[in-house]
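Taking it in order: structure first as structure tokens, then the write-up.
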Amino acid sequence: MIKYEVMFIIDPTLEEEKRETVVETVKSIIADDGEVSKVDVWGMRRLAYPIQKKNEGYYVVIEFLGNNTLPKELDRRLKISESVMRHLIVNKEEK
């Protein structure tokens with residue numbers, strides 16, 4: 001299993017319940033092929049530049065363990081989601 005980290009920004013106009021649903025959905029995608037290590041919710045933060053005419057976003061960082069195909073599937077599912085404005089998946093393994 002390889003260590004990964006995903007950071008994603010959720011649309012700030014969503015209600016709290018829908019934001020929690022998005023986080024739980026991402027956790028369940030990871031749990032299908034790996035395991036969630038740590039969930040860090042940063043909350044509302046100002047964006048460096050406007051995205052979709054919005055200046056703020058709801059940031060979430062999840063550390064997880066998974067095989068080498070999990071990030072590709074997670075990337076595909078996050079691109080499809082209309083609730084997620086941006087995301088970044090990073091391999092945390094040291095070489």
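Just so it is clear, none of the values below were taken in a lab; they were calculated from the coordinates. Just so it is clear, the structure is predicted and the values come from calculations on it, not from any experiment. Heads up, the Cβs are rebuilt from the backbone with ideal geometry, glycines too, and the neighbour counts pull from every protein chain shown.
Placing pseudo-labels 7 Å out from each Cα toward the beta carbon at Glu35 and Lys92 gives an inter-label distance of 1.4 nm. Note on the chain: dipole from Cβ charges, positive end direction compared against Val84, Ile51, Val36; the farthest Cα belongs to Ile51. Rounded to the nearest 20 debye, the dipole magnitude of the chain is 460 debye, with +1 charges on Lys and Arg beta carbons, -1 on Asp and Glu beta carbons, and the Cα centre as origin.
Within a straight-line Cα-Cα reach of under 16 Å, Lys27 can be paired with the following aspartates and glutamates, leaving aside sequence neighbours fewer than 8 residues apart in one chain: Glu5, Glu17, Glu35, Asp40, Glu63, Glu73, Asp75. Each of Trp42 and Asn67 was given a label point 7 Å from its Cα along the Cα-to-Cβ line. The distance between the two points is 3.2 nm. Ellipticity at 222 nm from helices only: DSSP H runs of n ≥ 4 in the chain, each -39500 (n - 2.57), divided by the residue count, give -10000 deg cm²/dmol.
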